[in-house]
1. Calculate, for Thr199 and Lys138, the FRET efficiency according to 1/(1 + (r/R0)^6) with r their C-beta to C-beta distance and R0 22 Å; round to the nearest 0.05.
2. In Å and whole numbers, how far do the C-alpha atoms of the range 216-260 stretch along each principal axis, longest first?
3. In whole Hz, what ³J(HN,Hα) sequence does the range 94-103 give by Karplus (6.51, -1.76, 1.60; θ = phi - 60°), x for Gly and Pro?
4. For the range 95-111, list residues with backbone N below 19 Å from a point placed 7 Å from the Cα of Val62 toward its Cβ?
5. Report the semi-axes of the equivalent ellipsoid for the range 126-276 in whole Å, largest first, where each axis is √(5λ) for an eigenvalue λ of the Cα gyration tensor.
6. How charged is the neighbourhood of Ser163? Take every other residue with its Cβ under 10 Å from the Cβ of Ser163, and add Lys/Arg as +1 and Asp/Glu as -1.
7. Which cross-chain or sequence-distant (5 or more) residues have an amide H under 5 Å from the amide H of Ser103, H modelled 1.01 Å from N in plane?
8. Can you sort Phe91, Phe203 so the residue with the fewest Cβ neighbours within 10 Å comes first?
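Read-outs throughout are calculated quantities, based only on the coordinates presented, and are distinct from any laboratory measurement. Not measured: the values here are computed from a predicted model. All Cβ positions, glycine included, derive from the backbone under ideal geometry; neighbour counts span all protein chains shown.
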Amino acid sequence: MIHTGSVLIARGLYEWYGRPSYRAGDWALIKQVNFANELLEKKQVSDATFDAAKKLLGERGVVEDAQDLSKPTGKIHRVNDDGSVPKDNPFVGKAGALPTIWSYGHRNPQGLAWDPVTGKLWESEHGPQGGDEINIIKRGLNYGWPLVTYGRAYTTDPDGIRSGLPPPNVQPPTSAPGMEEPFTFYKPSIAISGMVFYTGSKFPQWKGNLLVGGLAGTQLSRIVFNERGLESRREPLLLELRQRIRDVRQGPDGLIYLTTDMRDGAILKLEPVAEP
Ligand SMILES: [Ca+2]
């Protein structure tokens, strides 16, 4: 699909796959800019990134720690650039709580993005089966894991020993007082990853949309909002590539860059193509 050694991998999905339905779309030309492991020394970069992310964010399989404010896992932390603790963090001075915690009850956070309109912080996280979440992160709030989730235990964990959840045929509670609901969720899960709000002008039809990577779902998910800021629809993109999308960013050039999580990992650049 993406051939090792090539720089230009495709002259567009339309030409590549001969599917005219893509021709009138927002994009067509896809280039493999370079190989991730050559350009970024992939292993070192990804190891460091994942290690830091796990230490700071994921609950690392100890599900109850996500609700324990004395434990660092299952949290989003807020620290100054020099590592000091901001004095207005929500749990500063609270006995038994880590002062760096900004929000808690997270399962496995994967991405953060600032909303360019509201300035709010958005987060994506892996839920259990069918419970991938996109949350709007607010100061000091509890995002529910493992007490509430739209997902279910995996069938490989029938008694919920690893997840702490009821059996897979039983839906756990999806909401509870004092717990923040996700803005939206993916059922089935796409193994949600990094995300970004698109603010550029190169893809006018995507302006203001949230672009979200999917690993197992091998896609870039485009979320469209209505004028009230609620999700009006979502569209899976790039499914034909069959690539696990690890992260997505908008370049200073207004184009969209993706990293793939594959053996031949790549950085992909999406460019618009003029209508023929
Ligand atoms: Ca949640």
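1. 0.50
2. 33, 27, 14
3. 8, 4, x, 10, 6, x, 7, 5, 9, 8
4. Once the point is set 7 Å along Cα→Cβ of Val62, 96-109 turn out to lie under 19 Å by backbone N, inside the range 95-111.
5. The answer is 31, 19, 12 Å, longest axis first.
6. Values: positive: Arg107, Arg152, Arg162; negative: Asp157, Asp159.
Local net charge: +1.
7. Ile76, Gly140
8. Listed from fewest to most nearby Cβ atoms, that is Phe91, Phe203.
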